[in-house]
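Student: Below you will find the structure I want to go over with you.
The values are calculated or read from the model by the stated rules, or taken from the named source; none is laboratory data. Note that the structure is predicted; figures quoted are calculated from it, not measured. Here the Cβ is made from the backbone with ideal geometry for all residues, glycine too, and neighbour counts use every protein chain on show.
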Amino acid sequence: MDIPPLASKIAALSLSALPVSYALNHLSALSHPLGVALMSALILGLLFTTVYSLSRSEIYYDPLYAVFAVFAFTSVVDLVIALQEDGYAVDFMEFYTKEGEPYLRTAHGIFICYWDGSVHYLLYLAMAGAIRRRKSYRNLGLYWLGSFAMSILVFLPGNILGKYSSEIRPAFFLTVPYMLVPCWAGVRIFRQPRAPTCCTPSLVEEEQRKGLLKRPADLLLVIYLILAGLFTLFRGLVVLDCPTDTCFVYIYQYEPYLRDPVAYPKVQMLMCMFYVLPFYGLAIYALVFPGCSWLPDWALVFAGAIGQAQFSHMGASMHLRTPFTYRVPEDTWACFFLSNLLYALGPHLLAFRCLLRPAFFLQPQPPGSQASHKKQH
């Protein structure tokens, strides 16, 4: 997968978030929650207007260019929030975390900001650079789509259901468009043509003739998906207060963060049980039976989703903002880290396998197409 060049114009525009946030932090008018919400909406509107005036040709070519430009700006803001909450920056976004979205000060909120300010930020620059050069960014877009959707689907319900439900301010409603963007962006990204492959009909036929035992890498992936599916189901039952001794021991000795009243870990595990677990079952089917052309795309989506989820979950489980009783005990830290790291790594290996050798997943061509292919060459 070729990584598109980064968009320098958007990178420069996004860095303006630093002086803007510093200046806003010293405005007394922003000491009121409604003032924070109105000022945030005004800044986003002015930012969109600026992007539109500077990049009309790119926006006409692909409207997602404006989305990536605005989100790159907010990614820098999120990175500043995370650095400030961890004590690496001061006098930037204190007004927003106090009067706008106080739940960003939780361990989960901090690590969501770190992920958005690093991984999402680089993806925005790469995808905007691809649009500017009229190149495809489909694979990057699918990974971002899964990551962004998982972040929103865990964070927003966690804010409403957790102990910070009484701290919801008017700025919370600015996140409502974030629920709509993945739907619109996902449709546009999935409609983009796939990158052409060099797989000939004879290669596709040869690969699809092999059984699972003749594909050791796929066999290992199937075994991994079975184990990861069981682990997903187990953690889902744990947060649903399964009364078995195994669940009791696990939640108190290995992942006590699952009991944290902020509700983010519980929502995270339920999202995995209801969405990731069925995907694992379908992925096993696609690795056994040939011609499942949908797997490469959805493997990228779920790789992004699980990567973001595990980063936030692992970080919040050990962060100082998490109360001591809910942090991972020191004597089980290695077990926790290894199991969760493998859980995050597996979907990325699956996506890499699908992109590296897609012949097994391609639709078999009808009879006669191979003969015409030979005539052309």
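Student: Of the residues Tyr65, Tyr137, only one is in contact with an Asp or Glu (Cβ under 7 Å, 6 or more places away or on another chain), over 21 Å from Arg321 (Cβ atoms) and touching a residue at least 12 places away in the same chain (Cβ under 8 Å); which?
Tutor: Answer to the check: Tyr65.
Student: Show the residue pairs meeting these rules: Cβ distance below 7 Å; 6+ apart or different chains; first residue within region 313-340 and free of Cβ contacts under 8 Å to residues at least 24 places away in the same chain; second residue surrounded by 14 or more Cβ atoms within 10 Å (Cβ to Cβ) and β-branched (Val, Ile, Thr).
Tutor: So the pair list comes out as Met318/Val328.
Student: To continue, here is another question. Condition first: under 21 Å from the mean Cα position of the chain (by Cα) and touching a residue at least 60 places away in the same chain (Cβ under 8 Å). Now tell me which residues in region 233-256 satisfy that.
Tutor: Listed by number, the list is empty, since nothing qualifies.
Student: What number goes with the only condition from (1) surrounded by fewer than 21 Cβ atoms within 10 Å (Cβ to Cβ); (2) within 23 Å of Tyr114 (Cβ to Cβ) that Phe234 does not pass?
Tutor: Going through (1) surrounded by fewer than 21 Cβ atoms within 10 Å (Cβ to Cβ); (2) within 23 Å of Tyr114 (Cβ to Cβ) one by one, Phe234 breaks only (2).
Student: What about Gly307, is it surrounded by fewer than 22 Cβ atoms within 10 Å (Cβ to Cβ) and closer than 22 Å to Leu338 by Cβ?
Tutor: Yes, satisfied.
Student: Also: Quick check on region 176-222: of everything there that is hydroxyl-bearing (Ser, Thr, Tyr) and outside any loop (DSSP other than H, G, I, E, B), which residue is surrounded by the most Cβ atoms within 10 Å (Cβ to Cβ)?
Tutor: Pass one, region 176-222, residues hydroxyl-bearing (Ser, Thr, Tyr): 178, 197, 200, 202.
Imposing the further condition that a residue be outside any loop (DSSP other than H, G, I, E, B) reduces the set to 178, 202.
Values: Tyr178: 16, Ser202: 12.
Among them, the one singled out is Tyr178.
Student: Separate question: Could you please let me know if Ser75 is within 23 Å of Ala23 (Cβ to Cβ), modelled with pLDDT of 90 or more and under 15 Å from the mean Cα position of the chain (by Cα)?
Tutor: Numbers: within 23 Å of Ala23 (Cβ to Cβ): yes; modelled with pLDDT of 90 or more: yes; under 15 Å from the mean Cα position of the chain (by Cα): yes.
Considered against the rule, which asks whether it is within 23 Å of Ala23 (Cβ to Cβ), modelled with pLDDT of 90 or more and under 15 Å from the mean Cα position of the chain (by Cα), Ser75 comes out as yes.
Student: Quick one: would you say Val70 is out of contact with any His (no Cβ under 8 Å at 6 or more places or on another chain), under 23 Å from Val187 (Cα atoms) and among the β-branched types (Val, Ile, Thr)?
Tutor: When the stated conditions are applied, Val70 passes them.
Student: Among Asn159, Asn139, which is modelled with pLDDT under 90 and either more than 26 Å from Tyr257 (Cα to Cα) or buried (at least 24 other Cβ atoms within 10 Å of the Cβ) (or both)?
Tutor: Numbers: Asn139 fails: modelled with pLDDT under 90.
Just one listed residue meets the conditions, Asn159.
Student: Sort out which residues of region 231-263 are assigned to a helix (DSSP H, G or I), farther than 25 Å from Ile160 by Cα and either among the polar types (S, T, N, Q) or not assigned by TED's automatic domain parsing to the domain that holds Trp333 (or both), and write them in order of number.
Tutor: Thr246, Gln253
Student: Determine which member of the set Phe231, Phe190 is at pLDDT 90 or above and farther than 30 Å from Phe48 by Cβ.
Tutor: Going through Phe231, Phe190 in turn, the sole match is Phe231.
Student: Can you pull out the residues in region 8-38 that are at pLDDT below 75 and aliphatic (A, V, I, L, M)?
Tutor: Within region 8-38, Leu27, Ala29, Leu30, Leu34, Val36, Ala37 qualify.
Student: Sort out which residues of region 150-164 are assigned to a helix (DSSP H, G or I) and not small (Gly, Ala, Ser), and write them in order of number.
Tutor: Met150, Ile152, Leu153, Val154, Phe155, Leu156, Pro157, Asn159, Ile160, Leu161, listed by residue number.
Student: With of a type outside the set (Lys, Arg) and at pLDDT below 90 as the only criterion, which of His377, His348 stands out?
Tutor: Just one listed residue meets the conditions, His377.
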